[in-house]
Every structure is written in C-alpha cells, then in structure tokens.
1. Fewest first, what order do 44, 9 take by the number of other Cβ atoms within 10 Å?
2. Suppose only helical runs count, i.e. DSSP H with n ≥ 4. What mean residue ellipticity at 222 nm does that imply for the chain under -39500 (n - 2.57) per run, divided by all residues and rounded to the nearest 500 deg cm²/dmol?
3. Separation between the residue 120 and residue 9 pseudo-spin-labels, each 7 Å from Cα along Cα→Cβ, expressed in nm?
4. Taking the Cα centre of the stretch 2-133 as origin, sum charge times position over the Cβ atoms of Lys and Arg (+1) and Asp and Glu (-1), and report the length of that vector in debye to the nearest 20.
5. Counting only C-alpha contacts under 8 Å and six or more residues apart, can you give the relative contact order of the stretch 2-133 as a whole percent?
6. For 103, 128, 80, what's the fewest-to-most ordering of other Cβ within 10 Å of each Cβ?
7. Taking +1 at the Cβ of each Lys and Arg and -1 at the Cβ of each Asp and Glu, which of 120, 15, 64 sits farthest along the dipole of the chain towards its positive end, judged by Cα position relative to the Cα centre?
8. Within a 10 angstrom radius of the beta carbon, how do 120, 63, 26 rank from fewest other beta carbons to most?
Amino acid sequence: MQAHYRVPCPPLQAIRDGLAKRPDGVEILIAERRGALLGFASACAIDPEQGLTSGFFLKERDVAAAARGRGIGRALMRALAELALARGHKRLDWTADAANPDLLGFYEGLGAIAQRERVVYRLAGEALSGLARTDA
C-alpha cells in the first residue's frame, strides 16, 4: 500500500502497535503465501442506515503488483463478504478510483453496483481543524 501511495513504510513495531490499538469493529484480512504478504483488506463496521441494516465499509484493499491477476483480490473480497454476513451485516460499501476502469470492472465483476447518487466528502487538515474549533 505504501508503494501505491508513494509513502515510506513505517517501522514494523509501529505497525504492530497500531494494529494492537485498532478500534472495535475493525477487521484486517491478510493474504499470504509462505510468509510473503500478497495482499490485505481492512474494513470497519458501520452503523445502520435506512432500513436499519448495518454493514462493513472497506477502507483499503491492496494486492502486491507481482501477485495481481491470481485471484487474491477476489479471495479477499469473498472472505470479507463471509465475515460481514457472519457478523450480521447486510451490506459492504467502499469507494473506488473513478479513473481506474480495471478496478471498476473488477468490482462490477464481483456483482457490486456503483452508487452513483453518492458523493464522497472529506474534511482534512485545516478544514477539519477549523470545523473542530467552531462553536456549535
């Protein structure tokens, strides 16, 4: 994932510490072979929406470039779907890069339906800090 985002990988102990402190409802799935990490998916439980159905939100899913095309991404998504159902969730939501037709095709091949009526918003940096400082 660091290669995808072009950021350095944190030290192993920092990764372990972060995983140990993850909040309730966060799930991390790992795909590996002979000790080599091939891919992962991280998701968190989300509260019920209309119709009172809860779900998982897929935050990240990545497969190592050398391991792509071998069914690992599909296996991670299938395992996440199984886990969602086992936890009593009725849906799995995520965002995808609209400029990546291969990725969109992959998700549609799973049976996913793009929710075109939704727009993703983000507060970060000064906008997040500024809102936090305002009076209600």
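Computed from the coordinates by the stated procedures, all read-outs in this text should not be read as laboratory data. Model, not experiment: these values are computed from the prediction. So basically every Cβ, Gly included, is an ideal-geometry build from the backbone, and we count neighbours across all protein chains shown.
1. In order of increasing Cβ crowding within 10 Å: 9, 44.
2. Calculated mean residue ellipticity at 222 nm is -9500 deg cm²/dmol.
3. The two pseudo-label positions are separated by 2.4 nm.
4. 300
5. 16
6. 128, 103, 80
7. So the residue we want is 64.
8. 120, 26, 63
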